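Remarks on the structure that follows.
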Amino acid sequence: MPKLQGFEFWRNTLRGAHYVVAPMVDQSELAWRLLSRRHGAQLCYTPMLHAQVFVRDANYRKENLYCDVCPEDRPLIVQFCANDPEVFVQAALLAQDYCDAIDLNLGCPQMIAKRGHYGAFLQEEWALLQKMILLAHEKLSVPITCKIRVFPEIDKTVKYAQLLEKAGCQLLTVHGRTKEQKGPLAGVASWEHIKAVRKAVSIPVFANGNIQYLSDVEECMQKTEVHGVMSAEGNLHNPALFEGRNPVVWEMTEEYLGIVHQYPCQLSYVRAHLFKLWHHTLQVYQQLREELAKAKSLEGIADVNRDLKLRCQVPTWKEGEKPKGGLPFFHWICQPYVRPGGSEGGMRGKRTLEDDDGNSDILSKNKQKKKLRNPNKRFDPSLKPKYAKCDHCGNPKGNKCVFNLCRGCCKKRAFKETADCPGHGLLFKTKYEKSLLWKSGQTEMQKIERTQKGEVEETAGLKEGIDTVL
């Protein structure tokens, strides 16, 4: 069967999906995808998988994809992060029989993506991306798709999208934020950028960003004219978002735990989901937060959920009373979480730096814990040790490296040049010279042995001659 492309792929294989659950690391596992599909999601992505690890590690493949085969979990797109065309294609070939398309992550803005050189930190390397997508488009039996972030300039974003389309991308998801817009600086996603991309390309486009309610989905599709809308944070706080419902949190939890019993996943995934689902309720019942964190099994988590349900069902509000904290609904109802604070232009500011004396009133919770363990701990950035960077990759270099590189880059160079670096304990030159000496020594030994053997044979011949004469 020929590989479907563009709109044919979207209409037939993806069944014209409009409501899409985003790829989320450790969060869009099979159980959560099935819960989301039961409540209106029409297309799901796997969590982002590392292409290199996927190729190298059979257990990683088994845990993250091969064991998660389920007829209900289709259509499904597998997402990879990669920065090497060959490795990306190898990983995709191993995954293509278990999904409907392969997605290349070009949108992850986190520091781990910067260190690993993938995600949004590849968006300036157009030649590399073109090669990766072109090769995947040629080699795979399923379509290749991409998820990107925008540039500040609309024109550059449009050219970027057109380059990906020309290389072979069959569906494009556009997150309307730049790679700098993340965490407390997330701000508002630009639908204007998304609309410009939608008009400039001739493949299906999904929008991502600013989705908290079903009404946001409808408004986004109307304003940007995209073919589908993807949700991440909104889906985590309310898996029934695409149904337009706001159920009570314990109802969603009970259903999710039931699916996890059938399709097990790591307990850390379950706990992380419930911290999101119960976010507003845990602000009221702090003790439940500690109980959830300490739970060691699904049964333990189910007990915490029952406790939460009982507490929330006890009437503590007066008739006609509005929800506290500016929430649109009472805390036990699934609803979005909006990060507090804000600054001009819709950008939310970071928490101010702590005072040098480490005032616990403005320290984050993690820093308060560190302070309890070590009362002398200081969080002044100026006190942190400064490390010289590797000339190649930017990682900390070895202080005694002869090439001024980190160990990884030093090892490659020393091997290539057959050189030594005592600072990193790399002795390629020394070992090579020793091997030459050993080989020359072996040659000399062989010569001596041959000489001795010849002398023995000559002596034996003389003896035979003398015996004959006598």
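The values are calculated or read from the model by the stated rules, or taken from the named source; none is laboratory data. These figures come from a predicted structure and were not determined experimentally. Here the Cβ positions follow ideal geometry from the backbone for every residue, glycine too, while neighbour counts run over all protein chains shown. Each accessible area value is taken on the protein alone, full model and side chains, heavy atoms only, with ligands, DNA and RNA left out. Shrake-Rupley method; radii C 1.70, N 1.55, O 1.52, S 1.80 Å.
Starting from the stretch 4-85, pick out the GluC sites (Glu not before Pro) whose DSSP state is loop and whose Cβ has at most 15 other Cβ atoms within 10 Å.
Values: sites: Glu8, Glu29, Glu63, Glu72; in loops: Glu29, Glu72.
The qualifying sites are Glu72.
Mind scanning Lys389/Lys411; Lys371/Lys397; Lys370/Lys400; Lys131/Lys182; Lys131/Lys156 and naming the pairs with a C-alpha gap bigger than 21 Å? Could the numbers behind the result be given before it?
Details: Lys389/Lys411 16 Å; Lys371/Lys397 30 Å; Lys370/Lys400 32 Å; Lys131/Lys182 28 Å; Lys131/Lys156 19 Å.
Where the Cα-Cα span goes over 21 Å, the pairs concerned are Lys371/Lys397; Lys370/Lys400; Lys131/Lys182.
As an exercise, use a Förster radius of 30 Å and the Cβ-Cβ distance of Lys159 and Arg74 to find the FRET efficiency, rounded to the nearest 0.05. All intermediate terms of the calculation are to be shown ahead of the outcome.
On the way: r = 34 Å, r/R0 = 1.13.
Between Lys159 and Arg74 the formula returns 0.30.
Using 7 Å Cα-to-Cβ label points, what is the Arg271/Leu134 separation (nm, one decimal)?
Distance between label points: 4.8 nm.
Could you give the nm distance between label points at Glu319 and Glu8, where each point is 7 Å from its Cα heading toward the beta carbon?
6.4
Before rounding to the nearest 500, sum -39500 (n - 2.57) across all DSSP H runs of length at least 4 in the chain and divide by the residue total; then give [θ] at 222 nm in deg cm²/dmol.
-14000 deg cm²/dmol
Just the number please: accessible area per residue for the chain, 1.4 Å probe, all protein chains included, in Å².
On the way: 25840 Å² over 470 residues.
Value for the chain: 55 Å² per residue.
How many percent of the accessible area of the chain is carbon or sulfur, using a 1.4 Å probe?
52
When the dipole is taken about the Cα centre of the chain, and only Lys, Arg (+1) and Asp, Glu (-1) are charged at their Cβ, what size is it in debye, to the nearest 20? Provide the component values of the computation, followed by the final result.
Details: 68 positive and 55 negative charges, 269 e Å.
Charge dipole, the chain, about its Cα centre: 1300 debye, nearest 20.
Per 0.36 nm of contour for each residue apart, how much would the distance between Lys447 and Val25 grow if the chain were fully extended, relative to their Cα-Cα spacing? Walk me through the numbers on the way to the answer.
Numbers: separation 422, 0.36 × 422 = 151.92 nm, distance 6.50 nm.
Taking 0.36 nm per residue and subtracting the Cα distance, the gain is 145.4 nm.
Within straight cross-link reach of Lys309, meaning Cα distance under 22 Å, which lysines are found once same-chain residues fewer than 8 apart are removed?
Lys276, Lys294, Lys296, Lys318, Lys322, Lys324
So between Lys431 and Phe415, what do we pick up on full extension, going 0.36 nm a residue minus the alpha carbon distance?
Details: separation 16, 0.36 × 16 = 5.76 nm, distance 1.12 nm.
Extending this stretch completely gives an extra 4.6 nm.
Tell me, how many Å apart are the Cα centres for the stretch 415-441 and for the stretch 113-129?
The stretch 415-441 and the stretch 113-129 have Cα centres spaced 36 Å from each other.
So how many Å³ per residue does the convex hull of the Cα atoms of the stretch 228-344 work out to?
That works out to 145 Å³ per residue.
Quick one: in the chain, what % of C-alpha pairs are over 28 Å apart? Provide the component values of the computation, followed by the final result.
Working: 69658 of 110215 pairs.
Counting every Cα pair in the chain, those more than 28 Å apart make up 63 percent.
Answer with one residue from Gln335, Phe80, Phe7: the one whose Cα lies farthest towards the positive end of the charge dipole of the chain, charges on Cβ with Lys, Arg +1 and Asp, Glu -1.
So the residue we want is Gln335.
Can you pull the Rg over Rh of the stretch 279-320, Cα-only, Kirkwood? Please list the in-between numbers first.
Numbers: Rg = 11.7 Å, Rh = 11.1 Å.
Reported Rg/Rh (Cα atoms, Kirkwood Rh): 1.05.
How would you classify the stretch 226-289 from its alpha-carbon gyration tensor, with a ≥ b ≥ c the square roots of the eigenvalues: rounded for a/c under 1.5, else prolate if a/b is greater than b/c, otherwise oblate? Provide the component values of the computation, followed by the final result.
Values: a/c = 1.83, a/b = 1.27, b/c = 1.44.
In terms of gyration-tensor shape, oblate.
Using r as the Cβ-Cβ distance of Glu291 and Tyr387, and R0 as 51 Å, what FRET efficiency do you calculate, to the nearest 0.05?
On the way: r = 41 Å, r/R0 = 0.80.
Working from the Cβ atoms, E equals 0.80.
Looking at the stretch 157-237, I'd like the Rg to Rh ratio, where Rg is from alpha-carbon atoms and Rh is Kirkwood's inverse mean 1/r. Kindly include the intermediate steps, with their values, before the conclusion.
Details: Rg = 12.5 Å, Rh = 13.0 Å.
Computed over Cα atoms, the ratio is 0.97.
I'd like the projected area of the stretch 1-124, averaged over all directions, using the convex hull of its alpha carbons. Report it in nm² with one decimal.
8.2
With all pairs of different alpha carbon atoms counted, what Kirkwood hydrodynamic radius in Å does the stretch 123-266 show? Don't jump to the answer; show the numbers that get you there.
On the way: mean 1/r = 0.0594 Å⁻¹.
One over the average 1/r among Cα pairs gives 16.8 Å for the stretch 123-266.
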